[in-house]
1. Report the residue count in region 108-128 for those that are more than 19 Å from Ile171 (Cα to Cα) and small (Gly, Ala, Ser).
2. For region 117-157, what are the residues that are crowded, with 16+ Cβ neighbours inside 10 Å, aliphatic (A, V, I, L, M) and in contact with a Ser or Thr (Cβ under 9 Å, 6 or more places away or on another chain)?
3. Residue by residue through region 129-171, note down the ones that are β-branched (Val, Ile, Thr) and at pLDDT 90 or above.
4. For the structure I just gave you, tell me whether Ile177 is within 25 Å of Ser41 (Cβ to Cβ), among the aliphatic types (A, V, I, L, M) and modelled with pLDDT under 90.
5. Scanning region 82-94 for residues that are buried (at least 20 other Cβ atoms within 10 Å of the Cβ) and of a type outside the set (D, E, K, R), which turns out modelled with the lowest pLDDT?
Amino acid sequence: MNTLKLAAVLAVGSLIPAAAFAAPILVTNNSSAGWVQIGSSTTFGLPANLIGIGCGSENETSCEPVGVFDFNVLFNSTGVLNMLDAEGGIGDQIHFFNVGGHGEVTFSSDPNVGTLPGGTTLCTEGVNGCVQAFTITASDGTVITLTAASDGENVFDPFGLNADSSDELQITSGAVITPTVPEPSSLILLGTGVLGLAASVRRRLVK
């Protein structure tokens, strides 16, 4: 009887897709004061008014804090993305790279001290700023999609900070996700197999 029960458990386990136990990619906000989590665990914003941390209003290039977001996987590539102001200067800059065995994304605002030279243009601000998505591929092949928002001259809050923002960043897919759930067809197949196996075990036990 014990042998039959063990066989049933092993058979059921073999029907469950391995993807059901895939580990999620996690993101940690390691920014200094200023950047706050908004709406969900994958959305962050920097208010335009930073008096509370001694910065005053936005466009103070030596004061606005850098957003620092750590991923628990390495990135396959690195890059620098520029968000230009209406005059063509670098309004904000995003840098993605690997450090200490994991991936990191930084968001330098307006621009903060330490702005990197070069890079490619992500978007150019209009009166209402600009919002643009970009992707990063993790070492496990997962494509992570992020959407960055850079402030213009008007009140700007694309991701729900509930205040005029300086900048906002949203991880829209590929990270901070739950493990893959089997598709309905897979669940039906799994259920059918379990029922059949249970009936077979019961017949043997009755004998």
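1. Result for region 108-128: 4.
2. Leu122, Val131, Ile136, Ile144, Leu146, Ala149
3. Scanning region 129-171 gives Val131, Thr135, Ile136, Thr137, Thr142, Val143, Ile144, Thr145, Thr147, Ile171.
4. yes
5. Here the answer is Gly91.
The values are calculated or read from the model by the stated rules, or taken from the named source; none is laboratory data. Worth saying up front: this structure is predicted, and the values here are computed from it rather than measured. Counting neighbours? That spans all protein chains shown, and the Cβs are built from the backbone with ideal geometry, glycine included.
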